[in-house]
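Quick one: structure below, then a few questions.
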Amino acid sequence: MKLLYFAWFREKAGVAQEQASPPDSVTTVALLVDWLKSRGNGYAEAFNDASVIRVAVNQEYVSMDYPVAPGDEVAFFPPMTGG
Amino acid sequence: MIRVQAEDFDVGRELEQLCEGNHAIGGVCTFVGLVRDMAGDHSGDKAIQAMTLEHYPEMTEKALIEIEAEAQARWPLEATLIIHRFGRLEPGQRIVMVATASAHREAAIEACHFLIDWLKTKAPFWKLEETPDGGQWVDANAADDEAAGRWVEGKPAKTKPGAAE
């Protein structure tokens, strides 16, 4: 699974992108977030406030109950501020 | 047409090209967004030296195409253009241009307003302001959510397949 981080998620996690192999029990975005938080420090801080977590799976904006699978590209970012 | 680029653009030339040869067009509406020299909306707010726009390249183009398609589905448009820049920009520089062309003014004006409202909350860009106190990320703004919401969202974030929408 390829993980991407943007804006202050990238700064807090300390990484722009990485390959990760979460356990098989991680089947949704929400479970992936829990697993990442358990890695501690920067991750715990980045994912601390659930109200500002936005996520895209395979470049499509999705909700927290959306399924994830090995091979997916999952991106985390704060609410978008385009325009 | 949509374009995501670091370079500046020429508004006049873009408008000419958009309408060239299409004489069904009776009106064009344009919005151009610029970098302000102040954070926030109140006098006395922090000065900004520059703003860096970060984006998610693999997703940006997709998102802009969807937003453009939504406008075309809602209004009778002859032509549309969205140009969004990324990278470091200084006060006064152009960030974004939206242009909509239609036979009559109503569709052009409404669609232009819709597009810029939706870009604010649905295009994967994030703004980092350079202030005298260091860098600060621009927070999403409740007023922008409200502005986007007034167009009644057709498509919220994709939920779990099979889940009721």
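So for the pair B:Glu90, B:Phe9, with labels modelled 7 Å out along Cα→Cβ, what separation do we get in nm?
2.3
For the stretch A:2-77, what does the alpha-carbon gyration tensor say about shape, rounded, prolate or oblate, given a ≥ b ≥ c as the root eigenvalues, a/c under 1.5 as rounded, and a/b over b/c as prolate?
Note, shape of the stretch A:2-77 comes out rounded.
Given the Cα-Cα distance of B:Thr52 and B:Asp145 and 0.36 nm per residue of separation, how much length would full extension add, in nm?
31.3 nm is the gain from fully extending B:Thr52 to B:Asp145.
Given Cβ point charges of +1 (Lys, Arg) and -1 (Asp, Glu) and nothing else, what value in debye, to the nearest 20, does the dipole of the protein assembly as shown about its Cα centre take?
Its charge dipole is roughly 280 debye.
Order of A:Met64, B:Met1 from fewest to most other C-beta atoms within 10 Å?
B:Met1, A:Met64
Next up: Over chain A, what is the relative contact order in percent, taking alpha-carbon pairs closer than 8 angstrom and at least six residues apart?
Relative contact order comes out at 39 percent.
Placing +1 on the Cβ of each Lys and Arg and -1 on the Cβ of each Asp and Glu in the protein assembly as shown, which of B:Ser102, A:Tyr5, B:Trp118 has its Cα farthest towards the positive end of the resulting dipole?
Final value for the positive-end residue is A:Tyr5.
Still on this structure, I have one more. Of A:Val68, A:Ser25, A:Pro79, whose Cα points farthest to the positive end of the dipole of chain A (charges on the beta-carbon: +1 Lys, Arg; -1 Asp, Glu; origin at the Cα centre)?
Among A:Val68, A:Ser25, A:Pro79, the one farthest towards the positive end of the dipole of chain A is A:Pro79.
Now a separate question. Compute the relative contact order of chain B as a whole-number percentage, counting only Cα pairs closer than 8 Å that sit 6 or more residues apart in sequence.
About 30 percent, as a whole number.
Answer rounded, prolate or oblate for the stretch A:42-83, using the Cα gyration tensor with square roots of eigenvalues a ≥ b ≥ c: rounded when a/c is under 1.5, else prolate when a/b is larger than b/c, else oblate.
Here the stretch A:42-83 falls in the oblate category.
Can you tell me how the stretch B:2-149 classifies by the Cα gyration tensor, rounded, prolate or oblate, using a/c under 1.5 as the rounded cut?
Since a/c reaches 1.5 and a/b is larger than b/c, the shape of the stretch B:2-149 is classed as prolate.
Still on this structure, please answer the following. Could you work out the local net charge near B:Gly135, counting Lys and Arg as +1, Asp and Glu as -1, over the other residues with Cβ closer than 12 Å to its Cβ?
Here the count lands on -2.
What dipole magnitude, in Debye to the nearest 20, does the stretch A:2-77 give about its Cα centre under +1 on Lys/Arg Cβ and -1 on Asp/Glu Cβ?
I would put it at about 180 debye.
Looking at the protein assembly as shown only, what percent of DSSP beta bridges run antiparallel? Nearest 5 please.
80
Counting helices only, and only those DSSP H runs with n ≥ 4, report the 222 nm mean residue ellipticity of chain B as the sum of -39,500 (n - 2.57) divided by its residues, in deg cm²/dmol to the nearest 500.
The helix-only estimate for chain B comes to -10000 deg cm²/dmol at 222 nm.
Return the average number of partner chain Cβ atoms within 10 angstrom of each residue Cβ along peptide B:48-60.
3
Among B:Met59, B:Gly92, B:Ile82, which residue has its Cα positioned farthest towards the positive end of the charge dipole of chain B, with +1 placed on the Cβ of Lys and Arg, -1 on the Cβ of Asp and Glu, and the dipole taken about the Cα centre?
Highest projection toward the positive end goes to B:Met59.
Every number in this text was worked out from the coordinates using simple rules, so none of it is lab data. Only a predicted model underlies this, so the values are computations on that prediction, with no experimental measurement involved. Backbone-built Cβ (ideal geometry, glycine too); neighbour counts: all protein chains shown.
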